Structures are given as structure tokens and as C-alpha cells.
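Have a look at the structure below, then the notes.
Rule-based calculations on the coordinates, nothing more; no lab input. Everything numeric here is computed off the predicted structure, so don't read it as measured data. Cβ atoms come from the backbone with ideal geometry, glycine included; neighbour counts cover every protein chain shown.
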Amino acid sequence: MTARSYYAPKGGLPPQTDLITDRAVFTQAYVVIPRREFSDIVASYLPFWEKTRAWVIARPLSGFAETFSQYVMEVQPGGGSERPEPDADAEGVIFVVEGEVTVTLGGKAHAMAPGGYAFIPPASAWSLRNTGGAPARFHWIRKAYEFVDGIEPPQAVFANEQEIEPAAMPDTGGRWATTRFVDPTDVRHDMHVTIVTFEPGGVIPFPETHVMEHGLYVLEGKAVYRLNQDWVEVEAGDFMWLRAFCPQACYAGGPGKFRYLLYKDVNRHAKLGGFGR
Ligand SMILES: NC(=O)N[C@H](N)C(=O)O
């Protein structure tokens, strides 16, 4: 496996000499959380997690219109949890950006290194430990699984992005590609977490506007991102949260690849007849 670059926030505070730039944005349609916001001030300590801090970077706000929460987790050696997930209906994806963790699910231990992906089905008994000698950092994306009468929830998936060939988007000459961890036509899945990669100069050449929400964490590189009517500069370590229908496009600035971890809700009917999901 070739070593990949992943941006992993380290906490702490920005230097006193730094300017406070205006890149943090909160609007009705989208939020931008720059990497510098991952400071000690906004870290949480979660119940039943030991030697662990969490940065909650997305969560349902209005109580009816949003689908997911996303955390950056930082676990010290030996830390972790035997009771990680409080909600029996929650499914989860873990994506490791630094260090080594072991996820035990159904009695089987899975060692995960940077680039490691795990899909954890709802109502799973699982645990997670930092089994390495250094701090481990990973994204944890949680969603209430939308059960469908007659369809069983999907099984667990463990993979590493370095084992998967990214699929080029049509008509892009390979400048825009997506690494998929599950089959997009498998309707048991109601969320996808993928990695989107642009070569320098690659673009999303039109403002995508769709019902799916996004959590979008920049793993590598930089770009200008179109969010609703605004163009925003983003770089490795920044997070964007996009509400349903927020128009989005981008130009990858180079000189290296621009890559991000993308959450998307998929494969379910729209709820009719009022509020509530
Ligand atoms: N902003 C994005 O990368 N969007 C993806 N193309 C997507 O919605 O699949």
C-alpha cells in the first residue's frame, strides 16, 4: 500500500499571532467550519468513551429536516468504548485518518489503519479501541436507519480505500473520480460515505442541486467551492455541511489532488404529509 495523506485535526489553539479570518460561515443553506475551529474550546467528552475527545461537526438542527451527525474522534492509546452508540436505530460509518483502531463487531476484531472504512449496521453490538501506540483520529458519521418493511438492513462492511479503484465520472477524462465502499444500487443502504477525488484543475462543471444532504470533509488539497450563491476557499481539514438542495460545484486548485469524504442520504422515498422524517 502506498502512504496516503489525510488531514487529522490535532486540537490546541491557533497561534496568538494568527489573524481571525472570515472563512467560518453559517447560513440557512450551508455551513463552513475551517480547520482552525478544531480547538480545545469546542471539544466534547462523550459518555462511555475513555481517553477520547470528540468534535461534533454536524448534527440535525431543526429536528425534522436533517439526517445525520458527524464527529471527528480523537482516541488516545488504550482508549475507546465498549458502549459507543447510545441509539439502537443508529447506523454508523467510521473512516480512519490517523493511527490504528480495532473495531470489534459480532465477536470479530477488525484492525483499521488510515483509509480504513467500516459500515456499522443499526442495532449492532460493537466496540472500538485504540490499539496503536499513538493517538488515533477518525470520522464517525451517524444516521437513524430508515427501515423499510420487507427489506433487511445491510450487513457490516470493512474495507480500506487503498484496496478500491476509484470510478471515474463520465466525460471527465478521469479528473473527477469517486471511491465507493458499497454498491450504489443496493437499496438496503440509505446513506453513502464515499471519497471524491479531483486532479488539479478538475471541476464539478455545473451547480449540482439535489435533495440529498452532504457532510464534506476535506482530506487533502485545496479548492474553491461553490455553495449556494457563494464561492468559498477550502483546504485540507475544513468541513462543509450542505442542506438539501444547496447548489454546489468546485474548482480544484492544485498543485496536488483535492479529496474529500462525502456523506449523502440516498435510496428512500420522500416523506409526505407534513413534517418529520
Ligand atoms: N458535492 C459533491 O461532491 N456531490 C457529489 N457529486 C454527489 O452528490 O454525489
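Give, as a single signed number, the net charge of other residues whose beta carbon lies under 13 Å from the beta carbon of N160, with Lys and Arg counted +1 and Asp and Glu -1. The partial results should precede the final answer.
Values: positive: R4; negative: E100, E161, E163, E165.
Surrounding charge for N160 is -3.
As a quick test, which of the pairs K51/K222; K10/K222; K10/K108 have an alpha carbon distance above 24 angstrom in this structure? Exceeds cut-off: K51/K222; K10/K108. Taking every C-alpha pair closer than 8 Å and separated by at least 6 residues, the mean separation divided by the residue count of the chain gives a relative contact order of 18 percent.
Taking a ≥ b ≥ c as the square roots of the Cα gyration tensor eigenvalues, segment 125-180 comes out oblate, since a/c reaches at least 1.5 and a/b does not exceed b/c.
Rounded, prolate or oblate: which fits segment 38-96, taking a ≥ b ≥ c as square roots of the Cα gyration tensor eigenvalues, rounded meaning a/c under 1.5, else prolate when a/b beats b/c? It is oblate, given that a/c is not under 1.5 and a/b is not larger than b/c. Just checking the listed ones, F48, F239, F38: in the Gaussian network model of the chain with Cα springs under 10 Å, the one fluctuating most is F48. Rounded to the nearest whole angstrom, the semi-axes of the ellipsoid equivalent to segment 90-148, taken from the Cα gyration tensor as √(5λ), stand at 22, 13, 8, largest first.
Ordered by the count of other Cβ atoms within 10 Å of each Cβ, fewest first, H210, H269, H189 give H269, H210, H189. Where the alpha-carbon atoms of the chain are placed on the principal axes, they occupy 51, 46, 39 Å, in descending order.
Label-to-label distance for R268 and T185 is 2.3 nm, based on points extended 7 Å past Cα in the beta-carbon direction.
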